[in-house]
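Step one of this worksheet: look at the structure below.
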Amino acid sequence: MIAPEGWPFVLVPALAGALVWRTGWPWIGGFLIVVGLFALLFFRNPSRTCAADPMVACSPADGKIIKISGAPPDMVERGLPRQVSIFMSVFNVHVNRAAIAGSLVHYSYNPGRKISAFKEKASLENEQNLSIWEGPAGRIGLKQIAGLVARRIVFDHAVGDTVARGQRIGLIRYGSRVDVFLPEDAAILVTLGDTVRGGESPIARFAGTSP
């Protein structure tokens, strides 16, 4: 399965490459076809299932855990003082998913800059949005952050929408990062350097559940 936003990036270079190839420029045509195939890989949207109990937050993104720390002051004020950051390379699936089942209670967007998403200041300065979700498990914040070559953050929902855990909430193009903000009493289930899969890997357990 491929994310709908990906089809123009797949079909345009692939068809142009085939045309250029037939007109006697095989190297250029081959390059364009490879670009189309890369886009097909980049925009893949595999089916995922999180088998953990309902009080567990599953990863909203594929990638590598690059930060586990306290959250910025504005998130502390929202009752979400803990942060887990996931870096997504261009080879990861870039569809983002709901970490918990619940409703969207806040959404904001900042056009920002284009700093490498691996750098810490990207979390403060880059193009980004913030969504806060509430459900039976509790409250969680997700920040989609565009990377150095990312050109658009896609977000599918409006305040008041409800989602199932693991349901698609959006997508970031070409290298990016997702910050997860958690309550103080949430037990973080990942460590630095772990590789996680969106909609599948448990990342935190909310209070009130058995280990």
For this session: Examine the range 137-159 for a residue that is more than 16 Å from the chain's Cα centre (by Cα), crowded, with 22+ Cβ neighbours inside 10 Å and modelled with pLDDT of 90 or more, and state whether such a residue exists.
Result: yes
Seminar exercise, completed: Within the range 70-109, residues closer than 18 Å to Arg177 by Cβ, outside any strand (DSSP E or B) and either in contact with a strand residue (DSSP E or B) (Cβ under 8 Å, 6 or more places away or on another chain) or not acidic (Asp, Glu) (or both) come out as Ala71, Pro72, Met75, Leu80, Ser89, Val90, Phe91, Asn92, Val93, His94, Ala98, Ala99
Seminar exercise, completed: Scanning the range 57-86 for residues that are among the β-branched types (Val, Ile, Thr) and under 16 Å from Thr195 (Cα atoms) gives Ile65, Ile66, Ile68, Val84, Ile86
Problem set entry | Filter result for Trp27 (surrounded by fewer than 16 Cβ atoms within 10 Å (Cβ to Cβ), more than 24 Å from Glu184 (Cα to Cα) and at pLDDT 80 or above) | yes
Exercise. Just wondering, is there one or more residues in the range 43-53 that are over 18 Å from Ala164 (Cβ atoms) and hydrophobic (A, V, I, L, M, F, W, C)?
Worked result: yes
Problem set entry | Identity of the residue in the range 8-24, among the small types (Gly, Ala, Ser) and modelled with pLDDT under 80, that ends up nearest to the chain's Cα centre (by Cα) | Ala14
Exercise. Of all the residues that make up the range 166-195, how many are surrounded by fewer than 21 Cβ atoms within 10 Å (Cβ to Cβ), over 14 Å from the mean Cα position of the chain (by Cα) and either closer than 16 Å to Ala61 by Cβ or not charged (D, E, K, R) (or both)?
Worked result: 9
For this session: May I ask you to say which residue of Phe87, Phe43 is crowded, with 19+ Cβ neighbours inside 10 Å and at pLDDT below 85?
Result: Phe43
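The values are calculated or read from the model by the stated rules, or taken from the named source; none is laboratory data. Values in this document were obtained by computation on a predicted structure and should not be read as measured data. Every residue, glycine as well, gets a Cβ built from its backbone with ideal geometry; the counts of neighbours run over all protein chains shown.
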